[in-house]
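Any read-out appearing in this document is the output of simple, stated calculations on the displayed coordinates, not a laboratory observation. Quantities reported herein were computed from a predicted structural model and do not represent experimental measurements.
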Amino acid sequence: MKKSTVFKPAAVALVFGMTAFASYAEEAPTSLDQDAISLTQAVSIAKQSTGATPMEAERDVEMGQAIYEIDLINQNGEEVHAVVHAKTGEVILTQQRRGGDEGDDEGHDDGDDDQLENALWLSGVNKGDVLSLEQAVAKAEAQMGGKAWSVELEDEDDALLYDIELLNANGKHVETQISASPAKS
């Protein structure tokens with residue numbers, strides 16, 4: 001009895017771990033020339049289409065098709081979500097995301113907090129106090145010798161970092177962090 005009790009959680013953990021790995025492997029490119037459009041090209045297309053500033057971007061596969069999902073911030077600090085097809089470069093979706101109307105225990109609106117943080121980030125980018133997504137990706141690609149396929153902005157211990165996942169020339173997936181502070185990067 002005891003062996004099967006230990007075995008079941010281990011088996012469940014293995015299945016969930018394999019599922020997470022399969023999901024990760026599905027969204028990552030397998031070669032540098034797999035997509036006609038790179039992440040940086042998709043970001044540029046989304047930026048031109050929306051007039052907003054890109055903050056995060058990620059390659060994904062939906063319904064068997066590779067796409068780039070790009071989160072951008074407009075001049076009001078509001079989030080704009082754009083989806084660009086990785087083979088054609090077509091913008092297949094653009095939507096304005098509104099802040100949530102759910103408050104926290106103290107009555108603060110989480111959507112207002114997000115909008116404020118977005119506006120502060122955008123102000124920093126516009127002043128040159130914060131690296132743009134494009135600058136961070138260019139730096140990571142030069143350092144790692146590959147192509148980025150995922151960029152996420154993280155706030156760790158009051159330090160802004162871009163987590164960037166890349167595929168290098170050898171076909172290996174690598175990850176790096178680039179400080180969003182020009183002085184530290």
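Could you give the length gained by full extension between ASP113 and ASN168, i.e. 0.36 nm per residue of separation minus their alpha carbon distance, to one decimal place? If you can, show how the numbers build up before the last one.
Values: separation 55, 0.36 × 55 = 19.80 nm, distance 3.68 nm.
Full extension from ASP113 to ASN168 adds 16.1 nm.
Hey, how many Å between the Cα centroid of segment 151-185 and the Cα centroid of segment 43-65?
18
Quick one: divide the alpha-carbon radius of gyration of segment 27-185 by 2.2 N^0.38 Å and tell me what you get. Provide the component values of the computation, followed by the final result.
Details: Rg = 15.9 Å, N = 159, 2.2 N^0.38 = 15.1 Å.
So the Cα radius of gyration is 1.05 times the expected 2.2 N^0.38 Å.
Report the extension gain between ALA159 and ASN76 in nm, rounded to one decimal, defined as 0.36 nm multiplied by the number of residues separating them, less their alpha carbon distance. Display every interim value, and only then the final one.
On the way: separation 83, 0.36 × 83 = 29.88 nm, distance 2.31 nm.
Fully extending the segment from ALA159 to ASN76 adds 27.6 nm.
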